[in-house]
Amino acid sequence: MMKLNLLTPIKRRWLSILTALCMSVSALFCITGCMGDNVLTTPITVTDYKLNTYVRISSYSNVRKEILTDALKLCDTYEHIFSRTLASSELYKVNHKETNIISSELATLINIGLEYSEISNGAFDITIGSVSSIWDFTSETPRVPDDNKIKQALSFVDYTKVHLTENSDGTYTIDMPEGTCLDLGAIAKGYIADRIKDYLLEHNVSRGIINLGGNVLCIGQKKNDTDFGIGVKQPFAQDGSSLMETLSINDSSVVSSGTYERYFYEDDKFYHHILNPSTGYPYDNELWDVTILSSDSTTGDCLSTVCFVLGLDKGMNLIESYEGVEAIFMTSDNTKHYSSGADKYLSRQ
Ligand code: ADP
Ligand code: MG
C-alpha cells in the first residue's frame, strides 16, 4: 500500500531545513557542553587523615562534592588491601599465612614491587617487612630495636623467594617462605593516587590535585595555559613550611622520599625509615631527599624510594635511562642535583 504524503514539496523542504537546523543546534550544544569545562577559581576540596597521613583532594572542575568524598573513600578500600599493619587487610592475611590466594589488584602491586626490587638488585626489597615491623618510627617513644632481633629478621628478607601464579578465576596464588613479610609502604600511595585519578576522570574531574601526604598527582591543568604550582618541602626546615623547590606541573606526579619524613634520634644518632636490607639499619648515604617527576604516581613513588636506596650516582643513572621521568636529589650538604630534563618543570621567578 502506498503511503499518503500530506505535505506539499515546499512544506517538505522547509521541514527538512528546520530539522537540519535543530540537529546542528543540538550538536553545537552538545559540543560546547562537553568541552566547555566549567573551570573553578576556588577548587572544591575534601581532606581527611587516611593511610597514616593527611589526604587532600581538590577539583577545579565543577562537580558534586560527593564525587570527591567517594574518591577519598578509595583510600580505605585500598588500605584494606595493601596495609601491612591493619589486621583486616589482605596483605596482613598473606603475611600471617592466613591465605595464599590473593586478588589481582594485590598481585599487581606485589609484581610491581618485585620488578623494582630486581631493578635495584635488592637494595630496595619489598620483603623488608620482617625488619620494618620491628622498627617503629610512628611511636611516641621510638627506640632502636635489639641488634639480635634485627639480625634474625634479616634472614627473612629476600624478594627472589616470592612467586606469584595466576589462577583460572583471575586470582593469584602467592608462594613465599614462612616468616617472609611483605611491606608495600614504599609504593602503595603512588598506586592509590593513580586509581583515585582514574575514578575522578571517569566522573568528569578533568582538573584537580590528589595529595596523599605530599605524594602529589595532578589531573590536567589548573586552567587553560596555567599549570599547577607544586611546592617541595625543604628537608628539616625549622619552620616546617620552607620549600626547596617550586614546580610547574600539569597532568603529572611529584613524589618525594627522604630521611626527614619519619625519623628519631637515640644517643645523638639519627635513624630514619628507609632501611638497608643488608644491614637492617637505616641507609646512610648522604641523601636528604629524592623527588621524582613522572606521568603516573606509581612510577614516582617506586622510583623515589628506589633512587633513595641507590644513592645519588646510581639513582641518577637510573632516572636518565627512563623516558619522561625527571628527578631532583638533595644531598645532606643541602645541594640540589637535577636530572637532565628537570629544568622545564622548575618555576623560577
Ligand atoms: P613515605 O612512605 O614516607 O612517603 P617512601 O615512599 O620512601 O616514603 O617509603 C618508605 C617506606 O618504604 C617505609 O616506611 C617502609 O614501609 C618501606 N621501606 C623501607 N625500607 C625499604 C626498602 N629497603 N625497600 C623497600 N621498602 C622499604
Ligand atoms: Mg616511595
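Pick out the one residue from 59, 139, 88, 132 that is within 20 Å of residue 192 (Cα to Cα) and either more than 18 Å from the chain's Cα centre (by Cα) or of a type in the set (D, E, K, R) (or both).
Sole residue among the options that is within 20 Å of residue 192 (Cα to Cα) and either more than 18 Å from the chain's Cα centre (by Cα) or of a type in the set (D, E, K, R) (or both): 88.
Residue by residue, here is whether (1) at pLDDT 95 or above; (2) touching a Phe, Trp or Tyr at 6+ places or on another chain (Cβ under 7 Å); (3) within 19 Å of residue 189 (Cβ to Cβ) holds:
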residue: 23; (1), (2), (3): no, no, no
residue: 32; (1), (2), (3): no, no, no
residue: 36; (1), (2), (3): no, no, no
residue: 39; (1), (2), (3): no, yes, no
residue: 52; (1), (2), (3): no, no, yes
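Answer yes if at least one residue in segment 283-290 is farther than 19 Å from residue 234 by Cβ, at pLDDT 95 or above and either part of a strand (DSSP E or B) or open to solvent by 10 Å² or more (accessible area, probe 1.4 Å) (or both), and no otherwise.
Checking segment 283-290: at least one residue is farther than 19 Å from residue 234 by Cβ, at pLDDT 95 or above and either part of a strand (DSSP E or B) or open to solvent by 10 Å² or more (accessible area, probe 1.4 Å) (or both).
Hey, among the residues in segment 203-245 that are among the basic types (Lys, Arg) and at pLDDT 95 or above, which one's surrounded by the fewest Cβ atoms within 10 Å (Cβ to Cβ)? Spell out the reasoning first.
Our first condition is that a residue be among the basic types (Lys, Arg); within segment 203-245, this holds for 207, 222-223, 233.
Narrowing further to those that are at pLDDT 95 or above: 207, 222.
Working: 207: 26, 222: 22.
The qualifying residue surrounded by the fewest Cβ atoms within 10 Å (Cβ to Cβ) is 222.
Name, by its number, the condition in (1) within 16 Å of ligand 1 (Cβ to nearest atom); (2) at positive phi; (3) in contact with a Cys (Cβ under 9 Å, 6 or more places away or on another chain) that does not hold for residue 280.
The single condition residue 280 does not satisfy is (3).
For segment 302-313, give me each residue that is open to solvent by less than 10 Å² (accessible area, probe 1.4 Å) and near ligand 2 (Cβ under 9 Å from one of its atoms).
302, 303, 304, 306, 308
Which number in (1) of a type in the set (S, T, N, Q); (2) away from ligand 1 (no atom under 16 Å from the Cβ); (3) within 24 Å of the chain's Cα centre (by Cα); (4) surrounded by 15 or more Cβ atoms within 10 Å (Cβ to Cβ) marks the one condition that residue 117 misses?
Going through the list (1) of a type in the set (S, T, N, Q); (2) away from ligand 1 (no atom under 16 Å from the Cβ); (3) within 24 Å of the chain's Cα centre (by Cα); (4) surrounded by 15 or more Cβ atoms within 10 Å (Cβ to Cβ), residue 117 breaks only (2).
Filter segment 322-342 for residues that are more than 20 Å from residue 285 (Cβ to Cβ) and either in a loop (DSSP other than H, G, I, E, B) or free of Cβ contacts under 8 Å to residues at least 40 places away in the same chain (or both) and give the result. Explain how you work it out, then say what you get.
Going residue by residue through segment 322-342, those that are more than 20 Å from residue 285 (Cβ to Cβ) are 322-326, 340-342.
Scanning segment 322-342 gives 322, 323, 324, 325, 326, 340, 341.
Let me spell it out: the conditions are (1) touching a residue at least 60 places away in the same chain (Cβ under 8 Å); (2) touching a Gly at 6+ places or on another chain (Cβ under 9 Å); (3) surrounded by fewer than 16 Cβ atoms within 10 Å (Cβ to Cβ), and residue 160 meets all of them except one. Which number is the exception?
(1)
In segment 246-273, how many are within 13 Å of ligand 1 (Cβ to nearest atom), under 17 Å from the mean Cα position of the chain (by Cα) and either polar (S, T, N, Q) or surrounded by 19 or more Cβ atoms within 10 Å (Cβ to Cβ) (or both)? So that I can check it myself, show each step before the final result.
Step one: list which residues in segment 246-273 are within 13 Å of ligand 1 (Cβ to nearest atom), which gives 253-263, 271-273.
Among the residues that remain, those that are also under 17 Å from the mean Cα position of the chain (by Cα) are: 253-258, 261.
From what is left, the residues that are either polar (S, T, N, Q) or surrounded by 19 or more Cβ atoms within 10 Å (Cβ to Cβ) (or both) are 253-258.
Number satisfying all stated conditions: 6.
Only one of these conditions is not met by residue 125: (1) touching a residue at least 24 places away in the same chain (Cβ under 8 Å); (2) open to solvent by 80 Å² or more (accessible area, probe 1.4 Å); (3) acidic (Asp, Glu). Which number is it?
(2)
Looking only at residues in segment 163-184 that are closer than 19 Å to residue 279 by Cβ and of a type outside the set (Ser, Thr, Tyr), which one is surrounded by the most Cβ atoms within 10 Å (Cβ to Cβ)?
At the first step, the residues of segment 163-184 found to be closer than 19 Å to residue 279 by Cβ are 179-181, 183.
If we keep only those that are of a type outside the set (Ser, Thr, Tyr) too, we end up with 179, 181, 183.
On the way: 179: 15, 181: 22, 183: 24.
Top of the filtered list is 183.
Pairs under 7 Å by beta carbon, first residue closer than 14 Å to residue 78 by Cα and within 11 Å of ligand 1 (Cβ to nearest atom) in segment 177-191, partner among the aliphatic types (A, V, I, L, M) and assigned to a loop (DSSP other than H, G, I, E, B), six or more apart or different chains?
Qualifying pairs under 7 Å: 189/51.
The values are calculated or read from the model by the stated rules, or taken from the named source; none is laboratory data. None of the values given here were measured: they were computed from a predicted structure. Neighbour counts are summed over all protein chains in view; Cβ atoms, including those assigned to glycine, are modelled from backbone coordinates with ideal geometry. For the accessible areas, the whole protein counts, side chains as well, though only heavy atoms, and no ligand, DNA or RNA atoms are used. Shrake-Rupley method; radii C 1.70, N 1.55, O 1.52, S 1.80 Å.
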